[in-house]
Amino acid sequence: MRNAATGALIALFAITGCSAEPAASPSAAPTSTTVSPPPTTTSATPVALSKDEAARRYLTIVKPYNLALEHLEQGINAGRPIADVRALADATARANRTHVAELRAVVWPADVVPAMTTLLAEADLAQPHWERAALAPTVDAVVEAVKAAIAHDGSDAAATIRTLLALDQYDERDYP
């Protein structure tokens, strides 16, 4: 019976891939070795942009929003038809949403973070008004929604950001 049990164990080891041979002594050299690369480490804390990088990135991100806003203003002032004005308001709403997401994705220099936080909070408050402007039934209703959105333009925070990043102050003439 003992031989049958030993035979069954050997068969079990053979099936499961275990060796029935005795373990090699610690001084015995292995026949082959596999070297695993060391684990890749990543920084848990993203690195903030330099001031020059942050300045370039900021201008790149805000340009589409500033252009959309200026085009909306020009469309309203030119007396464009409601369909055109709504389309311009929709473009502004989309540009605001996009630039907020892009601004949030950047690791800004530490001294810029408080003003950026304020700017983003204001842009979030403005978003429903931009969306309302895009759906407004009349130009007057668009204008009212735009006024409500502009009340949350974050211009003070944006001016602070531009100062901290050594950028010129906002000038609507830069966005024809």
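Derivation of every value follows stated rules applied to the coordinates shown; laboratory data play no part. For clarity, every value in this text was computed on a predicted model and none was experimentally measured. Please note: Cβ atoms are built from the backbone with ideal geometry, for glycine as well, and neighbour counts cover all protein chains shown.
Some notes on this structure:
- Net charge over other residues, Cβ less than 12 angstrom from the Cβ of A145 (K, R count +1; D, E count -1): -1
- Residue-span extension gain [A110 to T138] - 0.36 nm each, minus C-alpha spacing: 5.7 nm
- In region 51-174, Cα pairs under 8 Å separated by at least six residues give a relative contact order of 30 percent.
- Net length available on complete extension from A101 to A87 is 2.9 nm, with 0.36 nm assigned per residue and the Cα-Cα distance removed.
- Nitroxide proxy distance, nm - points 7 Å out along Cα→Cβ at L59 and D153: 2.1 nm
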